[in-house]
Amino acid sequence: MRRAVNFLRGSVEVEASGPFPERFLNLCAQRGVVFWGVTWMDSGAVRIQVPRSARRSLDALAQRAGCTLTEVERSGIPAFLARFRRRYSLWVGLSLSVLAVLFLSHFVLVVDVQGNDRVPTAEILATLRRLGVHPGTFSPTIDIDNVEEEVLLELEDLSWIAINRSGVRAEVLVRERVEPPEVVDEDELGDVIAERDGVITRLEVLSGESDWKVGDPVAKGDVLIRGDVLLEGPLYSESDVGWQQVRAQGQIEAITRRTLEAAIPLTASVKQDTGDPERHLFVEWMGRRFDLFSWGTAQGSGRKKSAQLWSPQLPDGLALPVVVGVERIQGYETASAPVDLAAAENLLREQLELSLREQVGKGEITHTQFTSVVRDGLLTVTLIADCVEEIGRFVPDGAGGA
């Protein structure tokens, strides 16, 4: 305990040399000077340690004892801090750091969104920014309840949101709305018709009647399952009971053929860079941009922008709200140039395949064939695909098969 106290208040080790160093120790004891660690040197001098506060009184006592007093070492916290006494930049930096921590702790520096899948994070952050929650916002001014209500009103795909403030970080937890299952109105009567031409590969009737069988070809609009059910009479009866109307239901899969077509011009407008780009060095702090200086001038009828950004990150990977960037503005002129036919054909093929997959949905694509032709200044690609898919579509009575 005594060692800890001496470290906190600081101590000084001195050496007294002379004919009678013991007289110096006696004078220290008489005047109430606390000392410890008495060490006798081979030269006859004596070393002692005293509190830092008692150091000034030792010179007079050593003079009375006829001794020469030499300071050997200072130790403890006061001695450690004294080393930095003239390092003004260090103290200024330390003071600014403390003030920055106290000041910035009342601001939102990081907005972290969690729990979203379908709704893009950028859309949520943009909505929060419009409502006043973004890096640089003064935390006490945020009305969390009101912001949460407004976000749910603007983003219909969210069913729940919670904004939690933790120091300089705003944690946004969201839950996306679960789409309710499709409800079938059993009281709505009607038939199941063919949505497109095909050859039936699967026919499963859940309610209603069908005159078709697997292997039959059907045309678009044919009634595959009727909602009119014949109620047969009792055994050995010569007459039927009559007809009953129900909601026709079932699953009908068929082999279908789809034809898709896409075209692209043989020439396209391209951007040709003109001259050196114009550059701007800027700093973005808590959502506010500050331009430092610029050089160069963009030339041309058009402008295109790009930027290189550098941002420090916290140990957990979150970026701090300070960004240093260089914005590049390149001038350009537009000119007509021929397209690469091979690249254009591959692009159209990819687009047609994507469109086909979206149209077929859960169905299966069994065979595809592409044809390409150049005509009238266009490259036209045609996709012919054989598929196995659901072709039944329920049509209520009176809808006329629309």
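The values are calculated or read from the model by the stated rules, or taken from the named source; none is laboratory data. Nothing here was measured: the structure is a model prediction, and the numbers come from that model. Backbone-built Cβ (ideal geometry, glycine too); neighbour counts: all protein chains shown.
For region 255-275, does any single residue satisfy the condition of being exposed (fewer than 14 other Cβ atoms within 10 Å of the Cβ) and closer than 30 Å to residue 209 by Cα?
yes
Would you please list the contacts, defined by Cβ atoms under 8 Å and residues six or more apart or on different chains, that run from a residue in region 230-256 that is over 30 Å from residue 216 (Cα atoms) to a residue that is at pLDDT 65 or above?
Every condition considered, the pairs that remain are 241/231; 241/232.
Exactly one of these conditions fails for residue 276: (1) in contact (Cβ under 8 Å) with a residue 12 or more places away in the chain; (2) of a type in the set (Asp, Glu); (3) in a strand (DSSP E or B). Give me its number.
Single failed check for residue 276: (3).
A quick yes/no check of all residues on (1) surrounded by 10 or more Cβ atoms within 10 Å (Cβ to Cβ); (2) modelled with pLDDT under 90; (3) touching a strand residue (DSSP E or B) at 6+ places or on another chain (Cβ under 6 Å); (4) farther than 15 Å from residue 391 by Cα:
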residue: 171; (1), (2), (3), (4): yes, no, yes, yes
residue: 183; (1), (2), (3), (4): no, yes, no, yes
residue: 193; (1), (2), (3), (4): yes, no, yes, no
residue: 225; (1), (2), (3), (4): yes, no, yes, no
residue: 233; (1), (2), (3), (4): yes, yes, no, yes
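Going through region 317-359 one residue at a time, which ones are in a helix (DSSP H, G or I) and either closer than 30 Å to residue 295 by Cβ or not aliphatic (A, V, I, L, M) (or both)?
345, 346, 349, 350, 351, 353, 355, 357, 358, 359
In region 107-153, what count of residues is obtained for those that are touching a helix residue (DSSP H, G or I) at 6+ places or on another chain (Cβ under 7 Å) and either loosely packed, with under 13 Cβ neighbours inside 10 Å or of a type in the set (Ser, Thr, Tyr) (or both)?
The number of residues fulfilling the criteria is 1.
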